[in-house]
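The values are calculated or read from the model by the stated rules, or taken from the named source; none is laboratory data. What you see is a predicted model, and the numbers here were worked out from it, not measured in a lab. FYI the Cβ positions are ideal-geometry reconstructions off the backbone, even for glycines, and counts take in every protein chain you see.
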Ligand SMILES: NC(=O)c1ccc[n+]([C@@H]2O[C@H](COP(=O)([O-])OP(=O)(O)OC[C@H]3O[C@@H](n4cnc5c(N)ncnc54)[C@H](O)[C@@H]3O)[C@@H](O)[C@H]2O)c1
């Protein structure tokens, strides 16, 4: 049997995402080899050498001067992404970059241009597309369970006083970029239709920095959907994480079960409603006597399988397959985030 290629992988940034999200996935995947790490903090480089026996560097230039990994995973603070990705491409190295792609659309476009110029590959790490709730929801929507969908609400609520670099706009922080990037990507993936209009509000409430800790984003799509994203880091009691509204029913994500709960009626099962041709509502009725054959159903998430993101990475970076997330779609996320920021003065 032909042995599969191993992807020698360097991780740039040994913080929360580098250490807790990416290294465990890289080391768990038999076709990825964690070979090198970059971080300006010696204490973190030492940890990486001791735990994983990898070569470590204080900066990217030293990494590329000493070795040529197949792939770098960029998980440094956001304002470094562009410079580090372009440097990787110039050294013939592919890039898996964590979200958000960069601090601005212009920088994101420069990254994509450098990728094309050097004939390299790049994918953004937008894992919510791969999560089991997204896989299950796509399946339920494809079954046309609730009819034509007109509204998807996604809410990400926490109560946190932001005190780290993510509290500052100059580093690409703020919850629109930080959390919003996840959910704009997830909802665009679900809607599968171009955005035609957008509305946005941002507020800095309790963050210690200058960037927003609350943002509300409403996107309209060409196929008639409203995508409503709320990122709220000042929520002591969180609202429902996800709700999907169709003409014949509603789906609610129940994170405790965890499952999608549905209330819907079958196609064609609605009574024939006759439009009233009068300025006096018949029988003084508020139409709360209308009857539908409601069905209730629960779809446990354990019946579905999440997409293995790193397997998708392998198929793209080593197998030559189409990317799970095309760069154009990540550029569109950046365009939307940037437009939204322009439309919403921060207060
Ligand atoms: N996909 C996700 O769910 C997810 C979760 C968290 C963070 N992120 C993203 O990952 C990136 C890092 O965020 P984090 O929360 O891990 O930050 P963090 O503050 O926890 O870690 C940042 C790490 O990068 C190091 N660093 C600083 N400057 C560097 C440089 N020039 N080159 C290399 N390393 C450098 C720091 O020393 C630190 O170890 C951000 O872009 C963030 O948006 C994504």
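Return the residues of segment 205-228 that are in contact with a helix residue (DSSP H, G or I) (Cβ under 9 Å, 6 or more places away or on another chain) and over 18 Å from residue 141 (Cβ atoms); say none if nothing qualifies. 207, 208, 209, 210, 211, 212, 213, 214, 215, 217, listed by residue number. Highlighted here are the strands (runs of 3 or more DSSP E) found entirely within segment 26-107 that include at least 1 residues which are within 10 Å of the ligand (Cβ to nearest atom) and within 30 Å of residue 338 (Cα to Cα): 32-38, 71-74, 94-98. Screening residue 243 on (1) more than 30 Å from residue 164 (Cβ to Cβ); (2) within 19 Å of the chain's Cα centre (by Cα); (3) crowded, with 20+ Cβ neighbours inside 10 Å shows it passes everything except condition (3). Checked against the criterion of being out of contact with any helix residue (DSSP H, G or I) (no Cβ under 6 Å at 6 or more places or on another chain), free of Cβ contacts under 8 Å to residues at least 24 places away in the same chain and surrounded by 13 or more Cβ atoms within 10 Å (Cβ to Cβ), segment 301-319 contains one or more residues that satisfy it.
The residues of segment 1-25 that are part of a loop (DSSP other than H, G, I, E, B) and touching a residue at least 12 places away in the same chain (Cβ under 8 Å), listed by number, are 4, 5, 6, 13, 14, 15.
Given the criterion touching a residue at least 60 places away in the same chain (Cβ under 8 Å) and over 25 Å from residue 18 (Cα atoms), identify the matching residue among 96, 137. Give the derivation first.
Working: 96 fails: over 25 Å from residue 18 (Cα atoms).
Answer to the check: 137.
Within segment 37-56, residues that are assigned by TED's automatic domain parsing to the domain that holds residue 77 and without any contact (Cβ under 8 Å) to a residue 40 or more places away in the chain have Cβ atoms under 6 Å from residues that are in a helix (DSSP H, G or I) and near the ligand (Cβ under 9 Å from one of its atoms) in these pairs: 38/60, counting only partners at least 6 apart in sequence or on another chain. Each residue in segment 129-177 was checked for being over 23 Å from residue 193 (Cα atoms) and out of contact with any strand residue (DSSP E or B) (no Cβ under 8 Å at 6 or more places or on another chain), and 14 of them qualify.
Got at least one residue in segment 113-123 being on the phi < 0 side of the Ramachandran plot, part of a helix (DSSP H, G or I) and either buried (at least 19 other Cβ atoms within 10 Å of the Cβ) or outside the structural domain of residue 44 (by TED's automatic domain parsing) (or both)? Looking for residues that are on the phi < 0 side of the Ramachandran plot, part of a helix (DSSP H, G or I) and either buried (at least 19 other Cβ atoms within 10 Å of the Cβ) or outside the structural domain of residue 44 (by TED's automatic domain parsing) (or both), one finds at least one in segment 113-123, hence yes.
Matching residues to (1) within 30 Å of residue 256 (Cα to Cα); (2) at pLDDT below 95; (3) out of contact with any helix residue (DSSP H, G or I) (no Cβ under 7 Å at 6 or more places or on another chain):
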{"position": "41", "(1), (2), (3)": "no, no, yes"}
{"position": "51", "(1), (2), (3)": "no, no, yes"}
{"position": "67", "(1), (2), (3)": "no, no, yes"}
{"position": "71", "(1), (2), (3)": "no, no, no"}
{"position": "99", "(1), (2), (3)": "yes, no, no"}
{"position": "106", "(1), (2), (3)": "no, no, yes"}
{"position": "128", "(1), (2), (3)": "yes, no, no"}
